[in-house]
Amino acid sequence: MRALASQPSLVDQVVEAITAEIVRGDLPSNSRLIQDELARAYGVSRQPVQQALLLLRSRGLVKEAEGRGLIVAPLDVDFIRNLYQIRAAIEGLAASLAARNGSARAKAEGTRFIEMGLESVKSGSLDKQIEADIAFHAFLGEISGNPLLNETTSPHWPALRRVMGEVLREDVGMPSNIWDEHSAIMAAVVAGDGEKAERLGRDHILRAADVFVARLKAQQKQQSRASTSRRIRLNPRAGAAD
């Protein structure tokens, strides 16, 4: 028998297309997601769009809004903070185990992932930067010897991609800092220094979380002020005291 090539289903392709638009900011928070419009835009029937939206809702990227149907879910700062706390523990463990069990592979293959990341920064492509980031962390999980690490992280990548997209679009300096830290983690893994690799891996995620949460809070505060300003302009008496 001839092995069948694995191809993404139509539903998977629609899921990825919508996710990518959310990550890039083409579909910002609270955007309405109308099935007929999405089906026309992607050149597919309503059925794969409907199934894709259900999957995205289960992943937290889409939510029901009373009177509006499905919308792009606003980012929840508390959820992001909690998610990054868990991820810090996982990435620290992955780096530690990679240093103990996969230093030879890291020495042979690790440079490729760092170069991929640096090239993605030079390209200025948000999609390539996020893809390279995911590949780097997946590689550490792979060579750690514990397959459950990547399996545990995988369901959360849609939310993590979105957070990275929100922040990287606004900060031209942050990508270079990220890859400086990735390079230091990889060097510790290659050296077989599990303790140092764990500390660098954990601290890398916690620092990113601090930056992400602070910037998301600032963005939401700015959006709230802009919304209040619009309401006052539309109804000048809304800002007046009784």
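So what are the radius of gyration and Dmax for the Cα set of region 1-117, in Å?
19.3, 57
Around Gly201, what is the net charge, scoring Lys/Arg as +1 and Asp/Glu as -1 over all other residues with Cβ under 12 Å from its Cβ?
Combined, the nearby Lys, Arg, Asp and Glu give -1.
Just add up the charged neighbours of Ser103: K/R +1, D/E -1, any other residue whose Cβ is under 13 Å from the Cβ of Ser103.
+2
Could you list which residues have their amide H under 5 Å from that of Val62, counting only those 5 or more apart in sequence or on another chain, with H placed in the peptide plane?
It is Arg57, Ala73, by chain and number.
With only Lys, Arg, Asp and Glu charged, each at its Cβ (+1 for the first two, -1 for the last two), find how big the charge dipole of the chain is about the Cα centre; round to the nearest 20 debye.
With Lys and Arg at +1 and Asp and Glu at -1, about 720 debye.
Which ³J(HN,Hα) values, rounded to whole Hz and listed in residue order, are derived for region 112-128 from phi using the Karplus coefficients 6.51, -1.76 and 1.60 in 6.51 cos²θ - 1.76 cosθ + 1.60 with θ = phi - 60°, glycine and proline given as x?
The phi angles translate into 4, 6, 5, 4, 4, x, 5, 5, 5, 5, 4, 5, x, 7, 4, 4, 5 Hz.
Given a 1.4 Å probe and every protein chain left where it sits, what share in percent of the accessible area of region 21-92 is carbon and sulfur?
46 percent
Enter the accessible area per residue of the chain (Å², integer; probe 1.4 Å; all protein chains in place).
That works out to 57 Å² per residue.
Which of the lysines could a cross-linker bridge to Lys221, judged by Cα under 30 Å and excluding same-chain residues fewer than eight apart?
Answer for Lys221, where 30 Å is the Cα cut-off: Lys63, Lys128, listed by chain and number.
Exposed loop trypsin sites (Lys or Arg not before Pro) only (DSSP loop, at most 13 other Cβ atoms within 10 Å): please give the longest stretch of the chain free of them, not including the sites.
69-168
Go from 0 up to the bin containing the longest alpha carbon distance in the chain, width 10 Å each, and give me the % of pairs per bin.
Bins of 10 Å from zero give 7, 26, 30, 22, 10, 3, 1, 0, 0 percent of pairs.
At a threshold of 8 angstrom on Cα-Cα distance, excluding pairs fewer than six apart, so keeping six or more, what relative contact order does region 1-134 reach in percent?
Over region 1-134, the number comes to 21 percent.
Lys196: which lysines have alpha carbons under 25 Å from its alpha carbon, excluding same-chain residues fewer than 8 sequence positions away?
Within the straight-line limit of under 25 Å, Lys196 reaches these lysines: Lys107.
Which value at 222 nm does the chain reach when only helices count, each DSSP H run of 4 or more adding -39,500 (n - 2.57), with the total divided by all residues and rounded to the nearest 500 deg cm²/dmol?
Here the helix-only value at 222 nm equals -24500 deg cm²/dmol.
Taking springs between alpha-carbon atoms closer than 10 angstrom, which of Ser31, Ser58, Ser144 fluctuates most in the Gaussian network model of the chain?
Evaluated over the chain, the most mobile residue of the options is Ser58.
Compute the distance from the alpha-carbon center of region 165-230 to that of region 72-127, in whole Å.
If we compute the Cα centre of each part, the gap is 11 Å.
When the chain is fully extended, how far beyond the present Cα-Cα distance does Val211 get from Lys128, taking 0.36 nm per residue of separation?
27.8 nm
Could you calculate the FRET efficiency of Arg68 with Asp203 from 1/(1 + (r/R0)^6), where r is the beta carbon distance between them and R0 is 41 Å, rounded to 0.05?
0.50
The values are calculated or read from the model by the stated rules, or taken from the named source; none is laboratory data. Quantities reported herein were computed from a predicted structural model and do not represent experimental measurements. Every residue, glycine as well, gets a Cβ built from its backbone with ideal geometry; the counts of neighbours run over all protein chains shown. Areas reflect the complete protein model, heavy atoms only, side chains present, ligands, DNA and RNA absent. Shrake-Rupley method; radii C 1.70, N 1.55, O 1.52, S 1.80 Å.
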